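The structure under discussion appears below in the form of structure tokens.
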Amino acid sequence: MSASIVTVETTQQLTDNLIIQLPSAGVALQGRIQVPGDKSISHRALMLGAIAQGETQIQGLLLGEDPRSTAECFRAMGAEISDLNTQMVRVKGIGLGQLQEPVDVLNAGNSGTTLRLMLGLLASHPGRLFTVTGDSSLRSRPMSRVVKPLQQMGAHIWGRKDATLAPLAVQGQSLQPIHYQSPIASAQVKSCILLAGLMSEGQTTVTEPSLSRDHSERMLKAFGAQISTDPDSNSVTITGGATLQGQTVIVPGDISSAAFWLVAAAIVPGSELLIENVGVNPTRTGVLDALEMMGADITLEDQHVVAGEPVADLRVRYGKLHSCTIAGDIIPRLIDEIPVLAVAAAFASGTTVIKDAEELRVKESDRITAIATELNKMGAKVTELPDGLEITGNSSLTGTEVDSYSDHRIAMSLAIASLNAKGKTTVRGAEAASISYPTFVSTLKHACGEV
Ligand code: S3P
């Protein structure tokens, strides 16, 4: 096999620490690694900490760009949040209903979770005006999914294209509780309405077609909210008016970040990795189920519960993969991992079909088009479906220049694909990884024995 160079290049300049040179294609990944804190839990810890009474201490907060956007927004509304670059981040809560009118536009950056969850809180702060925006990707993503139910509760929201796109202006109101039947399984929609329900008198219920991640429910309960779930109907009910009390939150490693290493070790011969301290909340472990369906050798070790969230070490060893079908209720449990699962499928025997995942078209990029186009440039056989992908595997990939679409998960998925490709791969715009995984490149070097 010819020598392989994986080049992770920024759009501005190529710096030494962003170039990874692997001695030969298919270098085995070995050792123990840790992944950064869970992004979903990090956002929620900052937000609930800000609206609770007393101090919240957060250990293991993700230091990516997205949680930084959340911290900046809540600082601008009066919450005291300590330097994020410390082991224990402290949030001095200002109490429910006490967010201050910010003197400038709130900027959620690239983060849909920041903007959508925050809207539920802003809309329910009577007498205050908020304006919110984001980067060009976020300004093109659909906001009607949260604006509509909030308007049903009585929210006053204005914005481009009939308030379906950011920037948005929100005039806070006293909101009415609702029972909202969400047409999509989305934790951002569910959490937005629950946060609005916190400030409404009476019971607010959200029912979703299949269960999305339940970190909000778990954390709201821990902070003292009155919240109950009905698993038979995928419903959750919150009663407004409770006082939230600051807590200690220990953020587990993000399974969405661990997914890159699970796939890397599964496809590169001779690999074995132990990924320590990963969150294995059942609403997030679809990637483990999908890789198991494909025949991957993954075991869970040292399973325990930390601060209300299940955690485990994940051991993964190389093994031959085969195709599978990924569709239906499993989709919300692995929605963010589909790009890297497509990489796994490109090296598996048979044809893998991914369906019911039309949500991928409205993520940080259109991830169906992005991953299909870029993997095909490397020689994979990927066909776009309206709601997913068809991937004929056992491909021999060849390195080339590929594009991240400024999407963190596309950038990292392509870097993983390049580990098993012949020749040099350059990922354009790979700095997008810093949204959720600022240390991705150094961990990749470490796992490849480069450090
Ligand atoms: C998230 C929910 C998911 C996920 C996103 C984070 C969250 O989005 O894709 O990365 O933290 O609530 P949807 O709720 O739109 O499915």
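Observations on the model:
- Within the range 39-250: Cβ-based charge dipole about Cα centre, in debye rounded to nearest 20 (Lys, Arg +1; Asp, Glu -1): 280
- Over 26 Å (Cα to Cα) - which of K320/K445; K355/K381; K320/K377; K92/K363 fall in this group: K92/K363
- Rounded if a/c under 1.5, otherwise prolate or oblate - the range 39-250, Cα gyration tensor axes: rounded
- The length gained by stretching the chain between Q151 and Q57 to full extension, at 0.36 nm per residue less their Cα-Cα distance, is 30.5 nm.
- Between A169 and Q181, the modelled labels are 3.5 nm apart [label points 7 Å from Cα along Cα→Cβ].
- By accessible area with a 1.4 Å probe, ligands and nucleic acids excluded, highest first: order of K92, K161, K363: K161, K92, K363
- Expected 222 nm ellipticity per residue - DSSP helices of 4 or more, -39500 (n - 2.57), all of the chain, to 500: -8500 deg cm²/dmol
- Relative contact order of the chain: 18 percent, from C-alpha pairs under 8 Å at least 6 residues apart in sequence.
- Antiparallel DSSP beta bridges within the range 39-250, percent to nearest 5: 75
- Of the listed residues V103, V251, the order by accessible area with a 1.4 Å probe, largest first, is V103, V251.
- Angle between the chain longest axis and helix 65-76 axis [Cα atoms, degrees, rounded to 10]: 20
- For the pair E201 and R160 in one chain, pulling the backbone fully straight at 0.36 nm per residue adds 11.7 nm over the alpha carbon distance.
- Note on the range 236-266 and the range 103-178: Cα centroid distance 23 Å, given to the nearest whole angstrom.
- Between the helical axis of 367-377 and the longest alpha-carbon principal axis of the chain there is an angle of about 10 degrees.
- In the chain, taking the dipole from charged Cβ atoms about the Cα centre, the farthest positive-side position among G429, V316, I338 is held by G429.
- Principal-axis tilt of helix 408-418 within the chain, Cα atoms, nearest 10 degrees: 10
- Partner aspartates and glutamates whose Cα lies under 17 Å from the Cα of K221, excluding those fewer than 8 positions away in the same chain, are identified as E55, D230, E309.
- If the chain linking S136 and D83 were pulled fully straight, counting 0.36 nm for each residue of separation and taking away their Cα-Cα distance, it would gain 16.4 nm.
- Lys, Arg +1 and Asp, Glu -1 on Cβ, resulting dipole of the range 342-436 about Cα centre, debye, nearest 20: 400
- Virtual spin-label span in nm between S233 and V103, 7 Å along Cα→Cβ: 4.8
- Taking the Cα centre of the chain as origin and assigning +1 to Lys and Arg Cβ atoms and -1 to Asp and Glu Cβ atoms, the resulting dipole is close to 440 debye.
The values are calculated or read from the model by the stated rules, or taken from the named source; none is laboratory data. This one's a predicted model, so the numbers in the text were calculated from it and none came from an experiment. Note that each Cβ is placed from the backbone with ideal geometry, even for glycine, and that neighbours are counted across all protein chains shown. The protein model used for the area step is the full one, side chains on, heavy atoms only, and it has no ligands, DNA or RNA in it. Shrake-Rupley method; radii C 1.70, N 1.55, O 1.52, S 1.80 Å.
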